[in-house]
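Working notes, beginning with the structure itself.
The values are calculated or read from the model by the stated rules, or taken from the named source; none is laboratory data. Quick caveat, the model's predicted, so the values are computed rather than measured. Methodologically, a virtual Cβ is constructed for each residue, glycine included, from the backbone with ideal geometry; neighbour enumeration extends over all protein chains shown. When the accessible area is computed, the model is the full protein with side chains, heavy atoms only, and any ligands, DNA or RNA have been set aside. Shrake-Rupley method; radii C 1.70, N 1.55, O 1.52, S 1.80 Å.
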Amino acid sequence: MSELVNIYCHECDTEVHAHFHDQSATLSVRGEQIDYSETVAICPICGEIIGDTRIEGANLERAYGAYRTLHGILSPDDIKSLRNSYGLSLREFSRFLGFGEQTIYRYERGDIPDQSHNTTMLSAKTIQGARLLLSQNRQKLNDRSIARIEQRIQVMADGIAEQSRLHRTLEDREAYEPSATNGYRRLDLDRVAALVYELARKCRDLYWTKLQKALFFADMVCYERSSCSLTGLSYAHATFGPVMDQKDEVRYILVSRGTIGFRECGWGEILVPLQLSTQPFNAEEIVLIDEVASFVNSFSSASELSDFSHDLSCWNGSVDGEIIEYTLNDGEVGRAMFERMNKLRSL
Ligand SMILES: [Zn+2]
């Protein structure tokens with residue numbers, strides 16, 4: 001809130017350590033009153049607000065950002081990465097979209113696209129939209145650009161084919177009868193989504209590999225207590241610990257449902273909880289999830305958590321690539337978790 005930075009106060013005619021404050025503000029963008037949060041620098045000597053073009057520029061960006069979010073308008077970075085996805089120059093990209101070259105240039109530099117231009121650019125993110133734009137503007141484009149656009153359309157088509165393949169493998173899995181591999185519950189993707197979301201909310205720095213272990217503990221302990229797993233996931237023995245079977249498919253489904261996102265952090269990506277439409281757990285199950293989250297948070301590093309799971313005999317009783325059957329766990333996982341938490345509490 002009040003970080004200190006050297007900044008020049010005209011009032012006092014000297015450089016001061018300004019105090020920064022965030023306050024709510026309103027700005028007219030495109031004739032519409034937009035609420036956003038602005039930063040002001042206050043001079044600690046005279047108490048006046050210090051005018052500074054860098055701060056004002058950043059505030060304007062924030063107001064524009066709020067307007068963009070409100071209306072689903074592409075940001076300059078979105079527009080640049082859209083153009084890069086096609087590998088087109090400014091000139092060729094503007095011809096593809098049917099805009100003037102200066103228009104795209106201005107949008108990439110921060111101007112807010114008008115509604116119809118925004119709609120056109122959004123449609124260029126879809127196969128159908130790209131095909132339509134190509135047929136409308138083909139005669140304005142050179143051969144190399146046409147080839148690049150067709151290539152991009154092919155990549156998008158391949159992506160969609162891959163997505164439906166991933167969907168199908170999971171649907172197959174959902175039809176599996178309850179057994180020792182799924183903890184006597186059919187795979188239930190709503191439950192998987194809710195559990196991942198809750199863990200992402202409650203665990204500190206939840207890397208994807210750390211999530212695998214957290215899910216394993218939650219499912220195994222639930223199985224001990226109720227003779228049924230929490231999600232119906234199966235777990236395989238991998239070098240660094242248990243991982244859910246078909247993790248790539250599950251990851252894809254959760255991201256495309258908008259349940260979770262990922263944020264770059266250090267050496268990997270951390271899960272970000274985004275939204276959950278259905279919450280399928282009962283009170284007892286919520287308590288269990290909380291217990292697992294505090295257990296996971298009790299480890300200071302991912303490798304410490306790995307070491308812990310490597311000491312379990314249901315882990316040692318399986319080999320690389322093998323599915324770890326729930327029946328291998330005779331209450332050991334919950335016991336080990338309980339003992340650790342008890343020991344930490346008594347310290
Ligand atoms: Zn001053």
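Where a Cα-Cα gap under 29 Å defines reach, which lysines qualify for Lys80, not counting those fewer than 8 residues away within the same chain?
Lys125, Lys140
Rounded to the nearest percent, how much of the accessible area of segment 11-169 (1.4 Å probe, protein heavy atoms only) is carbon and sulfur? Spell out each step's value before the answer.
On the way: 4390 of 9110 Å².
Here it works out to 48 percent.
Can you give me the distance in nm between label points at Arg30 and Arg340, each placed 7 Å from the Cα along the Cα-to-Cβ direction?
For the pair Arg30/Arg340, the computed spacing is 5.1 nm.
Evaluate the charge dipole of the chain about its Cα centre and quote only its size in Debye, nearest 20, assuming +1 on the Cβ of each Lys and Arg and -1 on the Cβ of each Asp and Glu.
Charge dipole of the chain: 1240 debye, to the nearest 20.
Keeping all protein chains in place and using 1.4 angstrom, which order do Lys202, Lys213 fall into by accessible surface area, from largest down?
Ranked list, largest accessible area first: Lys202, Lys213.
Any idea of the accessible area per residue across the chain, 1.4 Å probe, to the nearest Å²?
Roughly 53 Å² per residue, with all protein chains present.
Please list, in order along segment 17-29, the HN-Hα scalar couplings obtained from phi with the Karplus expression 6.51 cos²θ - 1.76 cosθ + 1.60 (θ = phi - 60°), rounded to whole Hz, x for Gly and Pro.
7, 6, 9, 9, 10, 9, 9, 7, 9, 10, 9, 7, 10
In angstroms, what radius of gyration and Dmax does segment 76-158 have, counting Cα atoms only?
11.6, 33
Quick check on packing: order 29-39, 277-287 by the mean number of other C-beta atoms within 10 Å, highest mean leading. Kindly include the intermediate steps, with their values, before the conclusion.
Working: 29-39: 13.5, 277-287: 12.0.
For the peptides 29-39, 277-287, the packing ranking is 29-39, 277-287.
Counting alpha carbon pairs within less than 8 Å and at least 6 residues apart, what relative contact order, in whole percent, applies to segment 1-123?
Computed value for segment 1-123: 16 percent relative contact order.
Expressed as a rounded percentage, what relative contact order does the chain have, with Cα pairs under 8 Å and six or more residues apart? Kindly include the intermediate steps, with their values, before the conclusion.
On the way: 461 pairs, mean separation 40.7, N = 347.
Across the chain, relative contact order equals 12 percent.
Return the inverse of the average 1/r over all pairs of distinct C-alpha atoms in segment 1-93, which is the Kirkwood hydrodynamic radius, in Å to one decimal.
15.6 Å
Considering only protein heavy atoms and a 1.4 Å probe, what is the carbon-and-sulfur percentage of the accessible area of segment 179-346? Don't skip to the end; give the middle numbers.
Working: 3730 of 7520 Å².
Here it works out to 50 percent.
When N counts the residues of the chain, how does its alpha-carbon radius of gyration compare numerically with 2.2 N^0.38 Å, as a ratio? Don't skip to the end; give the middle numbers.
On the way: Rg = 26.7 Å, N = 347, 2.2 N^0.38 = 20.3 Å.
Its radius of gyration relative to the 2.2 N^0.38 Å reference: 1.31.
Return the single residue from Gly331, Gly47, Gly258 with maximal mean-square fluctuation; model: Gaussian network over the chain, springs between Cα atoms under 10 Å.
Gly47
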